[in-house]
Amino acid sequence: MDKYLQIIASASLFRGIAKTEIAAVLQNLDAQLRVYPRNSFIWQLGEQVTTAGFVVAGSVHILREDYWGRQNILAQLGCGHLFGEVYACLRQAHKQRLCLRQVPLTVSVAATNGATVIFLDIKRLLAGSARSEAENRLLHNLLLLMAERNLFLTQKMEYLTKRTTREKLLAYLSEQARLQQNNKLTIPFNRQQLADFLAVDRSAMSGELSKMQADGLIRYKKNNFELLQK
């Protein structure tokens, strides 16, 4: 774990927790580190999740798959990001009879480019009130991250409800420019991944990007874009 201490300490989940306290927090959450090769699955649709995953190297994709195996990328998460926390919390709520049923995974999680993940037994934070100050801070941060995740999914719904591929691309690129505070931006997806994320056909999307460039709306090369004023 020491190798990843700086990444852990700088992550939003551990904001406000001193480096000297992190080791004890990880131990109390029964932290387990695992390495996943490129294109391997971490979790698959239908599994029961008992822990949350915290990415310390590489990145993971949250995938929605249909009956025929076609994939839609819901999110890409890199170093310092958490995944699976909602399912882990729901499992604990079920054990405490606060919800009626356990909820299996409705998504899959893949280490598309390889990933190193620390799994955290966060139900230990929810099981009782005998928490240290650092663990209380962690629980506070977890709540904020779950709120931010909800906001992200709401934003993605805005992209997906656009009628045309061009409208989806413009909505996504505009939001990325706002987040990066620059009209020159880099997105975390290749063409196929971007098409999967926006739930559009790759060929149709590539054609639309070319038309948008010809219309003077954008310039792009690979995953680097510049938004232009007509």
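The values are calculated or read from the model by the stated rules, or taken from the named source; none is laboratory data. It should be emphasised that the depicted structure is a prediction, and the values quoted were computed from it without experimental measurement. Methodologically, a virtual Cβ is constructed for each residue, glycine included, from the backbone with ideal geometry; neighbour enumeration extends over all protein chains shown. These area figures cover heavy atoms from the full protein model, side chains too; ligands, DNA and RNA do not enter into them. Shrake-Rupley method; radii C 1.70, N 1.55, O 1.52, S 1.80 Å.
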A130 being closer than 19 Å to L26 by Cβ and at pLDDT below 75: yes
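Just to check your reading of the model, which residue among Q213, Q192 is in a helix (DSSP H, G or I), surrounded by 14 or more Cβ atoms within 10 Å (Cβ to Cβ) and polar (S, T, N, Q)?
Result: Q213 is the single residue among Q213, Q192 that is in a helix (DSSP H, G or I), surrounded by 14 or more Cβ atoms within 10 Å (Cβ to Cβ) and polar (S, T, N, Q).
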Any residue at all in segment 117-126 that is β-branched (V, I, T), within 29 Å of S40 (Cβ to Cβ) and under 17 Å from the mean Cα position of the chain (by Cα)? yes
Residue within segment 159-172 that is open to solvent by 40 Å² or more (accessible area, probe 1.4 Å), closer than 21 Å to V60 by Cβ and among the β-branched types (V, I, T) present: no
Is at least one residue of segment 146-163 in contact (Cβ under 8 Å) with a residue 40 or more places away in the chain and hydroxyl-bearing (S, T, Y)? no
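This table checks each residue for (1) open to solvent by 80 Å² or more (accessible area, probe 1.4 Å); (2) within 22 Å of A115 (Cβ to Cβ); (3) modelled with pLDDT under 90; (4) over 19 Å from the mean Cα position of the chain (by Cα).
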{"residue": "I17", "(1), (2), (3), (4)": "no, no, no, yes"}
{"residue": "V25", "(1), (2), (3), (4)": "no, yes, no, yes"}
{"residue": "S40", "(1), (2), (3), (4)": "no, yes, no, no"}
{"residue": "W43", "(1), (2), (3), (4)": "no, yes, no, no"}
{"residue": "T51", "(1), (2), (3), (4)": "no, yes, no, no"}
{"residue": "A57", "(1), (2), (3), (4)": "no, yes, no, no"}
{"residue": "Q71", "(1), (2), (3), (4)": "no, yes, yes, no"}
{"residue": "Y87", "(1), (2), (3), (4)": "no, yes, yes, no"}
